[in-house]
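Notes to accompany the following structure.
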Amino acid sequence: MEEDGYRLPVIEAHCRYLKPALYDDLLELTAWAVALSPVRLQFFCEVWRAGVLLASGHTIHVCVDTHGRPTRLPTQFPASPPPSAGTLPAPQE
């Protein structure tokens, strides 16, 4: 994306810590993106250990051009549905 002149700076971040992760833990990270508007995108993330949810959160990004001006997300940018429905709340505008 950056080679094409697009950037996605973070404008909001949230994390909910539920249980600690320890050194040497084998962790699984699940992430997906949801388009909120033509210029905003939300990434959801979950951290799991052996089927137990340790943390969940999201970041919101705005698509900008090389001059830092908001611009529409490129049409080829994939926004995928959540892998496990109901784990995190639906994106809020």
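Is one or more of the residues making up region 38-46 open to solvent by less than 50 Å² (accessible area, probe 1.4 Å), outside any strand (DSSP E or B) and of a type in the set (Asp, Glu)? Working first, answer last.
Pass one, region 38-46, residues open to solvent by less than 50 Å² (accessible area, probe 1.4 Å): 39, 41-42, 44-46.
Pick out the ones that are also outside any strand (DSSP E or B) and you get 39.
From what is left, the residues that are of a type in the set (Asp, Glu) are none.
No, region 38-46 contains no residue that is open to solvent by less than 50 Å² (accessible area, probe 1.4 Å), outside any strand (DSSP E or B) and of a type in the set (Asp, Glu).
Give the number of residues within region 30-49 that are among the aliphatic types (A, V, I, L, M) and at pLDDT 95 or above. Even if it seems obvious, please write down each step before you answer.
Within region 30-49, the subset among the aliphatic types (A, V, I, L, M) is 31, 33-36, 39, 41, 47.
Then keep just the ones that are at pLDDT 95 or above; that gives 47.
Counting residues in region 30-49 that are among the aliphatic types (A, V, I, L, M) and at pLDDT 95 or above gives 1.
When you go through (1) modelled with pLDDT of 95 or more; (2) touching a Leu at 6+ places or on another chain (Cβ under 6 Å) one by one for ASP25, which number turns out not to apply?
Here ASP25 clears every test but (2).
Does LEU73 satisfy the criteria of being part of a loop (DSSP other than H, G, I, E, B), within 16 Å of the chain's Cα centre (by Cα) and at pLDDT below 95? Spell out the reasoning first.
On the way: part of a loop (DSSP other than H, G, I, E, B): yes; within 16 Å of the chain's Cα centre (by Cα): yes; at pLDDT below 95: yes.
Yes: the conditions hold for LEU73.
The values are calculated or read from the model by the stated rules, or taken from the named source; none is laboratory data. Just so it is clear, the model here is predicted, and its values are computed rather than measured. We place every Cβ from the backbone using ideal geometry, glycine too, and count neighbours over all the protein chains shown. Surface accessibility is based on the protein's heavy atoms, side chains included, excluding ligands, DNA and RNA. Shrake-Rupley method; radii C 1.70, N 1.55, O 1.52, S 1.80 Å.
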